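Sharing a structure below in structure tokens format, with a few things to ask.
Values in this text are rule-based calculations from the coordinates and carry no lab data. Because the structure is a prediction, the values reported are computed rather than measured. Cβ placement follows ideal geometry from the backbone for every residue including glycine, while neighbour counts extend to all protein chains displayed.
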């Protein structure tokens, strides 16, 4: 029977002092003996003790301000267990204190600044090796650009098509219904053409690619980093930027404009179906108006935007992949950060384009 | 005195797809003993461990822990068994997002109603046992491979388990740390009458700690018995294993 009793300032503990019993013993002790004066603890009747039991005994010793010498009559085996599981020799480590708000703000600012500078270095490295890589194909695997173009571009076509169709459909329906009230149905072609070619096409495609291919780039490079593949490349005298990032850079630069063009075509197709089917716009009127409203400048801006978005996505993905730390958990964090940052950067760049080229 | 059986498998068969990984394994493991599961790579050692712990469902056969057939138990009943056991995974399997201290505190906070000061003392004692006093508030990503393993052992020991399973505890450790770990294993066995089931290849470690050997070869049980018996078993694969590794 596990119990505690007090006699002549000596606390007697008996029975099994193990993890499953100490909770009840503690309650009994707190109820009856917490405020008593105790000079010794007698453990003669203790039959078994484990690590948790030793912690319990030591807690009692501390509460009564006793020392280990005040523990008496333990059998050899019990005393040996107490010696093994004792916390007396623990070198205390202070729990690190949380930084105050100023330190945190300062750290966040400098960390952002450093990240930005590192990102610029990586961007310049990537652009440099991408340009030189056009002429000199050494230092990267044969067929890697095609392979990446398939992964980044071709494989993304179904989802781009689906979302572009839905967006074109919604945009036409919502705007068309408003225009219809003024009898201005025919202007739906102008509105769609401008908004889809200049805004929705590049933006939607970039967001899809940032979520789909940007995250894939970040996780692939991050995994390579934590499994030391990047170090292995360096040890083979290969430049990881040239070997890993440049093929992705070339592939995305090549495929993004095609994907945007594809997205625009699908969205306009959806617009055409709604306009001709529900808004009584003639097919030839829709086609001619939507082409005539566009200037060469619009198409060029869209192309520039698209290329800018694609570079942002690949460089941000590669950056987060390259700076990963901490194993599998780091890979997850890098992927999330890459998606969030690249979508943010794409939208910011889009706003800048809109402001500069109204 | 008759030894108390704590783990028993009867005709255990495990398969990956159509491939038989364990073929009719019948072994007994006893209380207060260190049982070492041995064999060449890919012979099914870890699979045996994971089948015993119901991480994989056996294809056929029976596994008993503490005299209970684990396939008969529902989740709650099996969880009660798990609370009496600890497992040290090959790479530690610590939760990466929290500190070493918090990792060790998980089982104590979730499965006991001990007050905070006792839990705190238990955690620090366990970490002291594995020589990690200085790493209490570090996160696993800040630890070396060996430190991770030791922190994971502290977590496995948190609930004072009756059986502790080790999946290759010495792999990747230096000989001194490995010998310290063996010392700790012997202490746990002697002082707490703990039963330990260890999958390992390290012969030095096996010589220091093993009471009983379970030798697997290509999914079959070749030998089970004590270490001296194993060396004189007359089974070529078993004798070769000890001969090649001796120095």
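Using only C-alpha atoms and all pairs of different ones, pull out the Kirkwood radius for region B:130-169 in Å with one decimal.
10.9 Å
Let me ask another. Output the antiparallel fraction of DSSP beta bridges having both residues in the protein assembly as shown, as a percent to the nearest 5.
DSSP beta bridges in the protein assembly as shown are roughly 50 percent antiparallel.
Would you mind calculating the relative contact order of region A:158-240 from Cα pairs under 8 angstrom and at least 6 residues apart, reporting the percent as a whole number?
It comes to 21 percent, rounded to a whole number.
Region A:79-103 to region A:207-262: how many Å between their Cα centroids?
Taking the Cα centre of each part, region A:79-103 and region A:207-262 sit 44 Å apart.
Which ordering of A:249, A:116, A:286 is given by a fewest-first count of other beta-carbon atoms within 10 Å? Please report the intermediate quantities before stating the final value.
Values: A:249 25, A:116 11, A:286 22.
So the residues, fewest neighbours to most, are A:116, A:286, A:249.
So if R0 is 51 Å, what FRET efficiency would residue A:236 and residue B:31 give, r being the distance between their Cβ atoms, rounded to the nearest 0.05? Please report the intermediate quantities before stating the final value.
Details: r = 54 Å, r/R0 = 1.05.
The formula returns an efficiency of 0.40 here.
If each residue of separation counts as 0.36 nm, what is the full-extension length gain between residue B:4 and residue B:18 once their alpha-carbon separation is subtracted?
Gain in length upon complete extension: 1.5 nm.
Oh, and also: Just report the Cα centroid separation between region A:272-302 and region A:169-193, whole Å.
Using only Cα atoms, the two centres lie 11 Å from each other.
Give the percent of DSSP beta bridges with both residues in region A:1-124 that are antiparallel, rounded to the nearest 5.
35 percent
With each label point set 7 Å from Cα along the Cα-Cβ vector, what nm distance links residue B:60 and residue A:102?
Placing both labels 7 Å along Cα→Cβ, they lie 7.5 nm apart.
Something else about it: Compute the helix-to-body angle for A:22-32: its Cα long axis versus the longest principal axis of chain A, expressed 0 to 90° and rounded to tens.
It works out to around 60 degrees.
Count, for each residue of B:89-102, the Cβ atoms from other chains sitting within 10 Å of its Cβ, then give me the mean as a whole number.
Working: counts 0, 0, 1, 0, 0, 0, 1, 6, 4, 0, 2, 0, 2, 0.
Taking the mean over all residues of the peptide, I get 1.
Using only C-alpha atoms and all pairs of different ones, pull out the Kirkwood radius for region B:172-215 in Å with one decimal.
Mean inverse Cα-Cα distance, inverted, gives 11.0 Å.
Compute the convex hull volume of the Cα atoms of region B:1-151, divide it by the residue count, and report the result per residue in Å³ as a whole number.
So the per-residue Cα hull volume is 163 Å³.
What list do you get for A:229, B:75, B:33 if you sort them by fewest beta carbons within 10 Å?
Listing A:229, B:75, B:33 from fewest to most nearby Cβ atoms yields B:75, A:229, B:33.
Compute the whole-percent fraction of alpha carbon pairs in region A:210-358 spaced more than 28 Å apart.
37 percent
Taking Rh as the Kirkwood radius, which is the inverse of the mean 1/r over Cα pairs, what is the Rg/Rh value for the protein assembly as shown? Intermediate values should be presented prior to the final figure.
On the way: Rg = 33.7 Å, Rh = 29.8 Å.
Rg/Rh: 1.13.
State, to one decimal in nm, how far the label point of residue B:111 lies from the label point of residue A:116, with both points 7 Å from Cα in the Cβ direction.
Between residue B:111 and residue A:116, the label points sit 5.1 nm apart.
Of all DSSP beta bridges in chain A, what percent run antiparallel (nearest 5)?
35 percent
What is the angle, in °, between the Cα long axis of helix A:101-135 and the longest principal axis of the Cα atoms in chain A? Nearest 10 is fine, range 0 to 90.
Value to nearest ten degrees: 50.
What order do you get for A:103-113, B:103-113, A:344-354 when each peptide is scored by the mean count of other beta carbon atoms within 10 Å, highest first?
B:103-113, A:344-354, A:103-113
Please determine, in degrees from 0 to 90 and to the nearest 10, the orientation of helix A:76-85 with respect to the longest principal axis defined by the Cα atoms of chain A, where the helix direction is its Cα long axis.
30 degrees
Rounded to the nearest 500, what is chain A's calculated 222 nm mean residue ellipticity when only DSSP H runs of at least 4 contribute -39500 (n - 2.57) each, over all residues?
Dividing the helical sum by the residues of chain A leaves -22500 deg cm²/dmol.
Shifting gears a bit: Averaged over peptide A:164-172, how many Cβ atoms belonging to another chain are found within 10 Å of each residue's Cβ?
Working: counts 0, 0, 0, 0, 0, 0, 0, 0, 0.
So the per-residue partner count for this stretch is 0.
Bin all alpha-carbon pair distances of region B:115-247 at 5 Å intervals from 0 and give each bin's fraction as a whole percent.
Each 5 Å bin holds this share of Cα pairs: 2, 9, 18, 20, 17, 14, 9, 6, 4, 2, 0, 0.
Quick one: order A:135, A:6, A:279 by neighbouring beta-carbon count within 10 Å, fewest to most.
The fewest-first ordering by Cβ neighbours comes to A:135, A:6, A:279.
GNM, chain B, Cα, under 10 Å: largest mean-square fluctuation among B:209, B:118, B:25?
Among B:209, B:118, B:25, the largest mean-square fluctuation in the Gaussian network model of chain B belongs to B:118.
Here is a follow-up. How large is the helix-only mean residue ellipticity at 222 nm for chain B, computed as the sum of -39500 (n - 2.57) over DSSP H runs with n ≥ 4, divided by its residue count, in deg cm²/dmol to the nearest 500? It would help to have the intermediate numbers written out before the result.
Details: 9 runs with 96 residues, N = 247.
Value at 222 nm, helices only: -11500 deg cm²/dmol.
Could you tell me how far the Cα centroid of region B:197-247 sits from the Cα centroid of region A:331-358, in Å?
60 Å
Moving to a separate point now. Using r as the Cβ-Cβ distance of residue B:69 and residue A:280, and R0 as 45 Å, what FRET efficiency do you calculate, to the nearest 0.05?
Values: r = 75 Å, r/R0 = 1.67.
It comes out at approximately 0.05.
While we're on this one: How would region A:4-55 be classified by its alpha-carbon gyration tensor: rounded, prolate or oblate, with rounded meaning a/c under 1.5 and the a/b versus b/c comparison settling the rest? List each step's numbers first, then the result.
Working: a/c = 2.23, a/b = 1.42, b/c = 1.57.
Oblate, because a/c is 1.5 or more while a/b does not exceed b/c.
Shifting gears a bit: Which of the three applies to chain A, rounded, prolate or oblate, going by the alpha-carbon gyration tensor with a ≥ b ≥ c and a/c under 1.5 meaning rounded?
In terms of gyration-tensor shape, prolate.
Okay, moving on. How far, in nm, would the chain grow between residue A:7 and residue A:288 when pulled straight, counting 0.36 nm per residue and subtracting the alpha carbon separation?
Numbers: separation 281, 0.36 × 281 = 101.16 nm, distance 10.48 nm.
Length gained, residue A:7 through residue A:288: 90.7 nm.
Follow-up. Using only the Cα atoms of region A:1-96, build the gyration tensor, take square roots of its eigenvalues as a ≥ b ≥ c, and label the shape rounded, prolate or oblate: rounded if a/c is under 1.5, else prolate if a/b is larger than b/c, else oblate.
rounded
Further, regarding this structure: Given the C-alpha atoms of region A:150-211, compute the convex hull and give its volume per residue in Å³.
Dividing the Cα hull volume of region A:150-211 by its residue count gives 71 Å³.
Zone of residue A:186 (label point 7 Å along Cα→Cβ, backbone N under 18 Å): which residues in region A:268-287?
Backbone N within reach: A:272, A:275-287.
Find the relative contact order for chain A and round it to a whole percent, using C-alpha pairs within less than 8 Å whose residues are 6+ positions apart.
RCO, chain A: 19 percent.
Give me the inter-chain shielding for A:84-92: mean count of other chain Cβ atoms within 10 Å, whole number please. Walk me through the numbers on the way to the answer.
Working: counts 8, 10, 2, 10, 2, 3, 8, 5, 3.
Going residue by residue through A:84-92 and averaging, the value is 6.
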